[in-house]
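Chemist: What follows is a structure written as structure tokens; I'll ask about it next.
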Amino acid sequence: MLELVDVSYKTNEKEILSDVSMKFLPGYKYAVIGTNGAGKSTIGYVIMGLSSYKPYKGKILLNGKDITDLPVTDRAKLGITLMWQEPARFEGMTIENYLTLGGKLSVQKSEVAEAMEFVGLNPNLYLKRFVDKTLSGGERKRVELASIILLKPKYAILDEPDSGIDLMSLSIINDVVNYIAQYGGTPIIITHREEMAYSTDYGYLICAGKVLMHGKTKDVLNAFRNTCETCAHPNIPETNELRK
Amino acid sequence: MDVKREFEAIVKTAEKLGTDASNFMDKRIASIIISGNRVIGLNNIPGLKLVPTTLEDGVQVDMEIEQNTQIPFPVHVCTGYLEKKGYQRVIFNIRVKRNAKVKFTAHCVFPQAEEFTHEATSNVIVEDGAVMEYNDEHYHSDAGTIILKTTTNAVVENGGVYRNTFHLTKTRVGKLEVKMNLTLKENAVGELVSKVKASKNDEVDINEIIHLNGEKARGLAKTIVVGLDESKVNVLNEAYGNAPYSRAHISCEEITKGEKVIVATTPILKITNDLAELTHEASIGRVSEKQLETLMAKGLTEEEATELIIKGLLM
């Protein structure tokens, strides 16, 4: 189980996350829902342990072990990974090299090809292409999804996986999310779009860096729809209906 | 050393750069192999003439591609020097005649060199509608004491296309001066790309210059340098827009790793015709944190991630 216990994070003296507590159980699909600026992505970055995202308070536990101070690589080796909302581009690096981490990931060529096909990219056409700006936003995200398939992480944080992509890709994301859950992994989807969260089991509703509620995704989405989406003061907790 | 052994030594080193040695035996492929001031291998094919002249301290080669000729395989040019000390000068005068098409694969191999200076001058004329590509790759010794000066003066006439790449990424650099001076006439297209990895106390000076002298000429000057340890790198890229609707972009990316690295880049853009358009982009610094953390989030260490990113950049 991956757990956040009273995690608080601030930058430039501004509180971004306040006493965030969350639990992610193996094999279930989770959605972290909230409006833009709620702090959803920051939760992902803090879990991954990115260098500028060290909490000043609280703990991150993986199967009871405190990983709060572990560097990114160590967390990845424990089975946590992150797909950025806008994945980085790499000049001169082929998709094949990227997916196999320069040959360091022990996967067969056939597995790489299968992962590419899974995300709707023809391996014969794409594997020698570069992970640079010649790929469209949608293609780049599909490559990232293929990478997750090959990595088989225990916890895959997908930050706004649907942003900037077409409808076709949306169903591919759902397929990947289901695939992760099928092998016993835990997909954690960070999103502000209901259609992206629908297929998950449980959700967390975030507002102004705090967990407003959590429970079955259906209930969380209802609250999001009826409260956050109509809120005239997004991410100002004092005026938020649920908080009152 | 006899010619046979010299030939074998040079070709063997060129193989380390990815050259298929059998190309030098293939009669369908034009090639020239220079060792010191001697030509130890030469193969001409129909449509292309390589005429070498021995100089006191090197070799001059006049290369001419007949008009309307498409050379089917890349021309292999291999320049080597197998001694530890010395000086070598090569002069390549290349003329690609109207509507001809040719690609060169050049290797410069100095595997033993210690106190050695290599000066290369290329004078290139790409005539109307012709296409020329010149890919130059270097293999030096690890002594880091080689001095390499390479100058290219290229004129691309109306509608011609010229691409030049310079790679020194697999071995120590020593002291390097690259100067590329490209003049583009009407509708001509030119691309200059330099990729260098400098380490220890290597010194790199790169100057790429594009003159847009013809209407609708288009140029790109791109430099990627990785500066490690205590290397010194200085890049000066220039573009001059002298004709209407001409465009050029200059780009310099310098990745640094090492507390004593000194790296500088200077772009110069000058327009003498207000319908010309020039742009530039430059970046200096460590590998982007987002790139690093993207790969680290997949399990690579920071060192492994840096290495993979740099390898890609220098490809």
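The values are calculated or read from the model by the stated rules, or taken from the named source; none is laboratory data. Since the structure is predicted, the reported quantities are computational estimates derived from the model, not experimental observations. Cβ sites come from the backbone with ideal geometry, for glycine too, and all protein chains shown count toward neighbours.
Chemist: Within the stretch B:201-225, track down each residue that is assigned to a strand (DSSP E or B), farther than 26 Å from B:ASN187 by Cα and touching a Ser or Thr at 6+ places or on another chain (Cβ under 8 Å).
Modeler: In the first step, residues of the stretch B:201-225 are kept if they are assigned to a strand (DSSP E or B); the result is B:203-212, B:218-225.
Pick out the ones that are also farther than 26 Å from B:ASN187 by Cα and you get B:203-206, B:224-225.
B:GLU203, B:VAL204, B:ILE206, B:ILE224, B:VAL225 - these are the residues of the stretch B:201-225 that are assigned to a strand (DSSP E or B), farther than 26 Å from B:ASN187 by Cα and touching a Ser or Thr at 6+ places or on another chain (Cβ under 8 Å).
Chemist: How many residues does the stretch A:140-161 hold that are within 11 Å of the chain's Cα centre (by Cα), more than 14 Å from every other protein chain (Cβ to nearest Cβ) and on the phi < 0 side of the Ramachandran plot?
Modeler: Of the residues in the stretch A:140-161, 1 are within 11 Å of the chain's Cα centre (by Cα), more than 14 Å from every other protein chain (Cβ to nearest Cβ) and on the phi < 0 side of the Ramachandran plot.
Chemist: Answer yes or no as to whether A:ILE60 is modelled with pLDDT of 95 or more, more than 9 Å from every other protein chain (Cβ to nearest Cβ) and within 23 Å of A:ILE165 (Cβ to Cβ).
Modeler: Details: modelled with pLDDT of 95 or more: yes; more than 9 Å from every other protein chain (Cβ to nearest Cβ): yes; within 23 Å of A:ILE165 (Cβ to Cβ): no.
In short, no.
Chemist: Considering each of B:ILE255, B:ILE262, B:ILE209, B:ILE250 in turn, give the residue that is surrounded by fewer than 20 Cβ atoms within 10 Å (Cβ to Cβ) and not hydroxyl-bearing (Ser, Thr, Tyr). Steps first, please.
Modeler: On the way: B:ILE255 fails: surrounded by fewer than 20 Cβ atoms within 10 Å (Cβ to Cβ); B:ILE209 fails: surrounded by fewer than 20 Cβ atoms within 10 Å (Cβ to Cβ); B:ILE250 fails: surrounded by fewer than 20 Cβ atoms within 10 Å (Cβ to Cβ).
Testing whether each residue is surrounded by fewer than 20 Cβ atoms within 10 Å (Cβ to Cβ) and not hydroxyl-bearing (Ser, Thr, Tyr) leaves just B:ILE262.
Chemist: Any chance you could count how many residues in the stretch B:156-173 are among the charged types (D, E, K, R), under 20 Å from B:ASP142 (Cβ atoms) and assigned to a strand (DSSP E or B)?
Modeler: Going residue by residue through the stretch B:156-173, those that are among the charged types (D, E, K, R) are B:157, B:163, B:170, B:172.
Among the residues that remain, those that are also under 20 Å from B:ASP142 (Cβ atoms) are: B:170, B:172.
Restricting the remaining residues to those that are assigned to a strand (DSSP E or B) gives none.
Selection size over the stretch B:156-173: 0.
Chemist: Collect the residues in the stretch B:119-131 that are touching a residue at least 60 places away in the same chain (Cβ under 8 Å) and hydrophobic (A, V, I, L, M, F, W, C), keeping them in residue-number order.
Modeler: Across the stretch B:119-131, the qualifying residues are B:VAL126, B:ALA130.
Chemist: I want to confirm something. Restricting to the stretch B:226-246 and keeping residues that are of a type in the set (A, V, I, L, M), in contact with a Leu (Cβ under 7 Å, 6 or more places away or on another chain) and assigned to a strand (DSSP E or B), which single residue is modelled with the highest pLDDT?
Modeler: The initial filter retains those residues of the stretch B:226-246 that are of a type in the set (A, V, I, L, M), namely B:226, B:228, B:233, B:235-236, B:239, B:243.
Then keep just the ones that are in contact with a Leu (Cβ under 7 Å, 6 or more places away or on another chain); that gives B:226, B:239, B:243.
Checking the rest, the ones that are also assigned to a strand (DSSP E or B) come to B:226, B:239.
On the way: B:VAL226: 94, B:ALA239: 97.
That would be B:ALA239.
Chemist: Quick test for you: out of B:LEU184, B:LEU168, B:LEU192, pick the one residue that is over 17 Å from the mean Cα position of the chain (by Cα) and either closer than 26 Å to B:VAL75 by Cα or of a type in the set (Ser, Thr, Tyr) (or both).
Modeler: From the options B:LEU184, B:LEU168, B:LEU192, the qualifying one is B:LEU184.
Chemist: Of everything in the stretch B:259-277, what is out of contact with any Gly (no Cβ under 9 Å at 6 or more places or on another chain), in a strand (DSSP E or B) and of a type outside the set (Gly, Ala, Ser)? Give them in sequence order.
Modeler: Hits for the stretch B:259-277 are B:THR265, B:THR266, B:PRO267, B:ILE268.
Chemist: Assess whether B:HIS280 counts as being surrounded by fewer than 20 Cβ atoms within 10 Å (Cβ to Cβ), part of a strand (DSSP E or B), within 14 Å of another protein chain (Cβ to nearest Cβ) and at negative phi. Don't jump to the end; show me each part of the working.
Modeler: Working: surrounded by fewer than 20 Cβ atoms within 10 Å (Cβ to Cβ): yes; part of a strand (DSSP E or B): yes; within 14 Å of another protein chain (Cβ to nearest Cβ): no; at negative phi: yes.
For B:HIS280, the condition - surrounded by fewer than 20 Cβ atoms within 10 Å (Cβ to Cβ), part of a strand (DSSP E or B), within 14 Å of another protein chain (Cβ to nearest Cβ) and at negative phi - is not met.
Chemist: Take B:LYS232 and decide whether it is in contact with a strand residue (DSSP E or B) (Cβ under 7 Å, 6 or more places away or on another chain) and either basic (Lys, Arg) or farther than 24 Å from B:THR151 by Cα (or both).
Modeler: Numbers: in contact with a strand residue (DSSP E or B) (Cβ under 7 Å, 6 or more places away or on another chain): yes; either basic (Lys, Arg) or farther than 24 Å from B:THR151 by Cα (or both): yes.
In short, yes.
Chemist: Sticking with this one: Quick check on my filter: what residues within the stretch A:33-54 are more than 14 Å from chain B (Cβ to nearest Cβ), over 14 Å from A:GLN85 (Cβ atoms) and surrounded by fewer than 22 Cβ atoms within 10 Å (Cβ to Cβ)?
Modeler: The answer is A:THR35, and nothing else.
Chemist: Could you tell me which numbered condition B:HIS249 fails, if it satisfies all but one of (1) within 23 Å of the chain's Cα centre (by Cα); (2) over 30 Å from B:THR183 (Cα atoms); (3) within 14 Å of chain A (Cβ to nearest Cβ); (4) modelled with pLDDT of 95 or more?
Modeler: Of (1) within 23 Å of the chain's Cα centre (by Cα); (2) over 30 Å from B:THR183 (Cα atoms); (3) within 14 Å of chain A (Cβ to nearest Cβ); (4) modelled with pLDDT of 95 or more, only one is false for B:HIS249: (2).
Chemist: Scan the stretch A:62-75 for residues that are in contact (Cβ under 8 Å) with a residue 60 or more places away in the chain and surrounded by 15 or more Cβ atoms within 10 Å (Cβ to Cβ) and jot them down.
Modeler: A:LEU62
Chemist: Then there is this: Inspect all residues belonging to the stretch B:286-295 and state whether any of them is part of a strand (DSSP E or B) and either touching a strand residue (DSSP E or B) at 6+ places or on another chain (Cβ under 8 Å) or without any contact (Cβ under 8 Å) to a residue 60 or more places away in the chain (or both).
Modeler: Step one: filter the stretch B:286-295 for residues part of a strand (DSSP E or B), giving none.
No: the stretch B:286-295 contains no residue that is part of a strand (DSSP E or B) and either touching a strand residue (DSSP E or B) at 6+ places or on another chain (Cβ under 8 Å) or without any contact (Cβ under 8 Å) to a residue 60 or more places away in the chain (or both).
Chemist: What residue, of A:GLY137, A:GLY120, is under 30 Å from B:THR223 (Cβ atoms), in contact with a Ser or Thr (Cβ under 9 Å, 6 or more places away or on another chain) and away from chain B (no Cβ under 12 Å)? Spell out the reasoning first.
Modeler: Values: A:GLY120 fails: under 30 Å from B:THR223 (Cβ atoms).
Unique residue meeting the criteria: A:GLY137.
Chemist: Here is a further query. Could you tell me which of the residues B:LEU313, B:LEU269 is within 14 Å of chain A (Cβ to nearest Cβ) and either crowded, with 20+ Cβ neighbours inside 10 Å or within 23 Å of B:ILE209 (Cα to Cα) (or both)?
Modeler: Working: B:LEU269 fails: within 14 Å of chain A (Cβ to nearest Cβ).
One residue alone meets the criteria, B:LEU313.
Chemist: Can B:GLU303 be described as out of contact with any strand residue (DSSP E or B) (no Cβ under 9 Å at 6 or more places or on another chain) and more than 13 Å from chain A (Cβ to nearest Cβ)? Talk me through it step by step, then tell me what you get.
Modeler: On the way: out of contact with any strand residue (DSSP E or B) (no Cβ under 9 Å at 6 or more places or on another chain): yes; more than 13 Å from chain A (Cβ to nearest Cβ): no.
Here the answer is no, as B:GLU303 does not meet what is asked.
Chemist: Right, another one. Can you tell me which residue is nearest to A:TYR45 (Cα to Cα) among those in the stretch A:17-32 that are crowded, with 22+ Cβ neighbours inside 10 Å and more than 16 Å from the chain's Cα centre (by Cα)? Give the steps one after another, and end with the answer.
Modeler: As a first pass, look at the stretch A:17-32 and keep what is crowded, with 22+ Cβ neighbours inside 10 Å: A:17, A:20, A:24, A:29-32.
Filter once more, so that each one left must be more than 16 Å from the chain's Cα centre (by Cα): A:17, A:20.
Values: A:LEU17: 11, A:VAL20: 13 Å.
If we take residues in the stretch A:17-32 being crowded, with 22+ Cβ neighbours inside 10 Å and more than 16 Å from the chain's Cα centre (by Cα), then A:LEU17 is nearest to A:TYR45 (Cα to Cα).
Chemist: Out of B:VAL225, B:VAL233, I need the residue that is within 14 Å of chain A (Cβ to nearest Cβ), of a type in the set (A, V, I, L, M) and surrounded by 16 or more Cβ atoms within 10 Å (Cβ to Cβ). Which one?
Modeler: Numbers: B:VAL233 fails: within 14 Å of chain A (Cβ to nearest Cβ).
When all the criteria are applied, what remains is B:VAL225.
Chemist: Can you pull out the helices (runs of 4 or more DSSP H) entirely within the stretch A:108-200 that have at least 1 residues that are surrounded by 22 or more Cβ atoms within 10 Å (Cβ to Cβ) and of a type in the set (Val, Ile, Thr)?
Modeler: Working: elements: A:109-118, A:123-126, A:137-151, A:167-182, A:194-197.
Correct list: A:137-151, A:167-182.
Residue-wise test of (1) in a helix (DSSP H, G or I); (2) among the charged types (D, E, K, R); (3) at pLDDT below 80; (4) under 20 Å from A:ASP175 (Cα atoms).
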| residue | (1), (2), (3), (4) |
| --- | --- |
| A:TYR204 | no, no, no, no |
| A:LEU212 | no, no, no, no |
| A:ALA223 | yes, no, no, no |
| A:CYS231 | no, no, yes, no |
| A:PRO234 | no, no, yes, no |
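Chemist: Between a first residue in the stretch B:32-45 that is assigned to a strand (DSSP E or B) and a second residue that is of a type in the set (Asp, Glu), which pairs have beta carbons less than 6 Å apart while being 6 or more apart in sequence or on different chains?
Modeler: B:SER35/B:GLU6; B:ILE40/B:GLU6
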